[in-house]
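*Asks:* Take a look at the following structure, please.
No lab work stands behind these numbers, since they all come straight from the coordinates. Because the structure is a prediction, the values reported are computed rather than measured. Cβ coordinates were reconstructed from backbone atoms using ideal geometry, including for glycine residues, and neighbour counts include every protein chain displayed.
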Amino acid sequence: MVRGLSKITIIGNVGRDPEMRYTPNGNAVTEFSVAVNRRSRSRDGEWQDETNWFRVSAWGRLGENVNQYLTKGSPVCVEGRFWVRQWTSPDGREGSTNEINANDVVFLSGRDTDGGSGFGGDRPRDDFGGGGDMDPDDLPF
């Protein structure tokens, strides 16, 4: 029998400041959202922007680092397990949310010069060569 795999990698910007809490048994968990923007041409040739939102949970030391270093607007790469959570509001409206349980989070802010890792390291790294000059006030959210 073949084991299944649910894995996703996204690159985007943090949509709100991370919120950290501790479970009753003392495990840290940090939750935050990431906006992934895509620009494409419509059939009539006009440029159109599309934004997909993801809710991310980071656990343990990774969650503590995310809480310490990320803020709204920070560029970030997230890798983890993906699922879609279905829900129904109290008024009967149905919806869904894209969620990721993070295995790795790479901070793309460009503040690091020694190549340190975003996973459990003391400072963020810039693996993808950019984003460091972006002003969070320029983001559309």
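*Asks:* With θ set to phi - 60° and the Karplus curve 6.51 cos²θ - 1.76 cosθ + 1.60, what are the ³J(HN,Hα) couplings of the range 48-64 in order, to the nearest whole Hz, using x for Gly and Pro?
*Replies:* With coefficients 6.51, -1.76 and 1.60, one gets 9, 9, 10, 10, 10, 9, 10, 8, 10, 10, 10, 10, x, 4, 4, x, 5 Hz.
*Asks:* What is the calculated FRET efficiency for ASN103 to ASP17, with r their C-beta to C-beta distance and R₀ = 25 Å, to the nearest 0.05?
*Replies:* 0.70
*Asks:* Out of the trypsin sites (Lys or Arg not before Pro) in the range 14-55, which ones are loop residues according to DSSP with at most 16 other C-beta atoms within 10 Å?
*Replies:* Counting only loop positions with at most 16 other Cβ atoms within 10 Å, the trypsin sites (Lys or Arg not before Pro) in the range 14-55 are ARG16, ARG43.
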